[in-house]
């Protein structure tokens, strides 16, 4: 009798514990947590340094110049790759630049952001890169947040002596009741395809820097920062142009800048290059979006399912035949698109973990699928004259163009 009672009580407690565990599991979930990368202000000002190649931590944006490829390591600097032989690219250096996200190059002068500062480097001797200039506080609202994060931990930061130079994101299990939606705010303490003229490099669709002629245009969340660079080593900081809200990318074609934002696409006239003027806009639901343009159409990828706001992702094809009244032609569903590029009649879309998608765009609005490279994570592309560059999750891919397809030339592990 006593044994039976003992087993009955033991069974009761086991059921009780099981229920508590199930309840506990339902109360928790995995979240992407953003944590600030903090550096002393003294160290920040002296943070630019060229060192031997390092493993990449987080693949960022990609830039091509002459026989070199530059790949951003988010908030840390730029990896330099010798691409003289695309079948066998070689890592040759890493340029440490705290808080760096974007670069642009003209006539062997490299311009890079370092939070609110603009750095100028002489890369004429790639084996002996020289720091030419550091313009402090000229990118006044150049604050980049990881919008995919669900939680931001600001920590205990001494804003008088320290500065946030970037973010790292990690997945952590948190109690659902304790998690609120991200509250992004700008704290003054956190951080204060065209004829470009000259020998200018080429960035991807996610770029926020663009050189056109003797001008460098750098967008932040609200403004076009304009620099006159006829004296390449000594840029002149001109008046900023307010351009809207939540601006993320910049693309140039002819006398126009196309700005991709979380709210839509803004078009600016740069026939007077020192003072870009608003022409028109194309609005869409809130989402993260880069844009590329050919003669008559703009191609805009919208990525939802994150802090950007939208729930759906897709490719918008916008008619810009009349530049003052852009109109949506068609929308193609996508999974999680990031960068995109165009070369002649081919359209390349980096659809995140769904791979690289290649389309024939010769019969707009009808896109014809040519190929789908699955089982790779894709971020951004640069369609060069003779081959395609693509950066994914720690890998640089290069493809040669075929008549109705592309073929892999090489892949370089960056980490």
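The values are calculated or read from the model by the stated rules, or taken from the named source; none is laboratory data. These numbers were taken from a predicted model, which means no experiment stands behind them. Counting neighbours? That spans all protein chains shown, and the Cβs are built from the backbone with ideal geometry, glycine included.
For region 56-75, the set of residues classified as assigned to a loop (DSSP other than H, G, I, E, B) and under 20 Å from residue 115 (Cβ atoms) consists of 57, 58, 74, 75, listed by residue number.
Residues in region 143-168 that are within 24 Å of the chain's Cα centre (by Cα), crowded, with 17+ Cβ neighbours inside 10 Å and modelled with pLDDT of 65 or more: 144, 145, 146, 149, 150, 151, 152, 163, 164, 165, 166, 167.
Whether any residue in region 320-343 is crowded, with 16+ Cβ neighbours inside 10 Å, within 27 Å of residue 67 (Cα to Cα), modelled with pLDDT under 95 and in contact with a helix residue (DSSP H, G or I) (Cβ under 8 Å, 6 or more places away or on another chain) is what I want to check. Looking through region 320-343, at least one residue is crowded, with 16+ Cβ neighbours inside 10 Å, within 27 Å of residue 67 (Cα to Cα), modelled with pLDDT under 95 and in contact with a helix residue (DSSP H, G or I) (Cβ under 8 Å, 6 or more places away or on another chain).
Filter region 203-221 down to residues that are over 12 Å from the mean Cα position of the chain (by Cα), over 14 Å from residue 292 (Cβ atoms) and either modelled with pLDDT of 95 or more or surrounded by 22 or more Cβ atoms within 10 Å (Cβ to Cβ) (or both), then give me how many there are.
We begin by selecting, within region 203-221, every residue over 12 Å from the mean Cα position of the chain (by Cα); these are 210-221.
If we keep only those that are over 14 Å from residue 292 (Cβ atoms) as well, we get 211-221.
Filter once more, keeping what is either modelled with pLDDT of 95 or more or surrounded by 22 or more Cβ atoms within 10 Å (Cβ to Cβ) (or both): 211-219.
Looking only at that region, the number is 9.
Only one of the numbered conditions (1) part of a loop (DSSP other than H, G, I, E, B); (2) more than 28 Å from residue 363 (Cβ to Cβ) is not met by residue 224, and that is (1).
From the list 347, 408, 367, the one residue that fits, being in contact with a strand residue (DSSP E or B) (Cβ under 9 Å, 6 or more places away or on another chain), crowded, with 18+ Cβ neighbours inside 10 Å and over 19 Å from residue 260 (Cβ atoms), is 367. When restricted to residues that are modelled with pLDDT of 80 or more and over 24 Å from residue 210 (Cα atoms), region 282-319 contains 2.
Evaluating residue 81 against the criteria (1) under 17 Å from residue 409 (Cβ atoms); (2) surrounded by fewer than 19 Cβ atoms within 10 Å (Cβ to Cβ) leaves one unmet condition, (2).
Tell me yes or no: at least one residue of region 271-292 is part of a strand (DSSP E or B) and within 29 Å of residue 123 (Cβ to Cβ). Yes, that holds for at least one residue. Quick one: is residue 397 at pLDDT below 95 and either farther than 24 Å from residue 318 by Cα or in contact with a strand residue (DSSP E or B) (Cβ under 8 Å, 6 or more places away or on another chain) (or both)? So residue 397 fails the test. Counting just the residues of region 109-125 that are assigned to a loop (DSSP other than H, G, I, E, B) and at pLDDT 95 or above, which one comes out nearest to residue 79 (Cα to Cα)? The selected residue is 123.
Of the residues making up region 53-64, those that are surrounded by fewer than 22 Cβ atoms within 10 Å (Cβ to Cβ) and either closer than 23 Å to residue 211 by Cβ or more than 18 Å from the chain's Cα centre (by Cα) (or both) are 53, 54, 55, 64.
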